[in-house]
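A short worksheet on the structure shown next.
The values are calculated or read from the model by the stated rules, or taken from the named source; none is laboratory data. What you see is a predicted model; the values in this text were computed from it and never measured. Heads up, the Cβs are rebuilt from the backbone with ideal geometry, glycines too, and the neighbour counts pull from every protein chain shown.
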Ligand SMILES: *Cc1c(COP(=O)(O)O)cnc(C)c1O
């Protein structure tokens, strides 16, 4: 029951128009099924193997979002199943996803992951790096992918102002990209905010929040 309560409470406070990606990594299929039965349709996983195994056991109208670092050798099995890859962090990966998708006549929605947090361990393009790659044309949207927007994680800190600054950087970058490089209206996804900081993310324009523990409870690693 707790899971349903968590979900309905979250839905009641998240503003309309903001999508909830239920981050179900490390949680058993039964928990995802419970969330599904409560109406949840977008699930986020950070490991390909786990995503594929769960997808096999759950209804096909689920939209699976890959949110973790993606190794190039895992792209091929993922592409047919996934709805959105939120964690594109290199040109090489983008082009590979495009090639695999095009080969099965699919277009995969992707987000470019932006690195704005202090932690070095987090992946993603730096803001300057991304603008440079776009300006030189090294990064473009090849056939097979549709670049829908940006994904980012803020620093893991209690300093709400730091988090707010980082989310604002993402929002500003999103605006520049939309203005100068991706003018299509389908460039409209800003995925940021997790269980502890989604409220700040929404204040700064998040269209998608990725919430795990606030729905499913704590993970056991
Ligand atoms: C695990 C994870 C989340 C969800 O984290 P919670 O704190 O459990 O809400 C969101 N985004 C990414 C990229 C993650 O890996």
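Within segment 15-31, residues that are in a loop (DSSP other than H, G, I, E, B) reach partners that are modelled with pLDDT under 95 and within 13 Å of the ligand (Cβ to nearest atom) with beta carbons closer than 6 Å, at six or more positions or on different chains, in the pairs 26/219. The set of residues from segment 169-188 being in a loop (DSSP other than H, G, I, E, B) and touching a strand residue (DSSP E or B) at 6+ places or on another chain (Cβ under 8 Å) comprises 182, 186, 187, 188. With respect to the conditions (1) in a helix (DSSP H, G or I); (2) touching a residue at least 40 places away in the same chain (Cβ under 8 Å); (3) surrounded by fewer than 18 Cβ atoms within 10 Å (Cβ to Cβ), residue 12 lacks only one, and its number is (2).
Taking segment 134-168 as the range and being buried (at least 22 other Cβ atoms within 10 Å of the Cβ) and in a strand (DSSP E or B) as the test, the residues that pass are 145, 147, 148, 149, 150, 151, 152, 153. Being at pLDDT below 95 and more than 22 Å from residue 165 (Cα to Cα): is that true of residue 141 here? In short, yes. Restricting to segment 171-220, give me the number of residues that are more than 9 Å from the ligand (Cβ to nearest atom), closer than 30 Å to residue 3 by Cβ, surrounded by fewer than 17 Cβ atoms within 10 Å (Cβ to Cβ) and under 17 Å from the mean Cα position of the chain (by Cα). Result for segment 171-220: 3.
For segment 48-61, residues that are assigned to a loop (DSSP other than H, G, I, E, B) and in contact (Cβ under 8 Å) with a residue 24 or more places away in the chain total 1. Examine segment 70-83 for a residue that is at pLDDT 95 or above, surrounded by fewer than 19 Cβ atoms within 10 Å (Cβ to Cβ) and within 23 Å of residue 195 (Cβ to Cβ), and state whether such a residue exists. For segment 70-83, residues at pLDDT 95 or above, surrounded by fewer than 19 Cβ atoms within 10 Å (Cβ to Cβ) and within 23 Å of residue 195 (Cβ to Cβ): present. The conditions of being within 16 Å of the ligand (Cβ to nearest atom), free of Cβ contacts under 8 Å to residues at least 24 places away in the same chain, crowded, with 22+ Cβ neighbours inside 10 Å and over 27 Å from residue 134 (Cα atoms) are met by residue 45. Pairs are defined by a Cβ separation below 6 Å, a sequence spacing of at least 6 or placement on different chains, a first member in segment 177-195 that is at positive phi, and a second member that is surrounded by 11 or more Cβ atoms within 10 Å (Cβ to Cβ) and at pLDDT 95 or above; the pairs so defined are 193/201; 193/206; 193/209.
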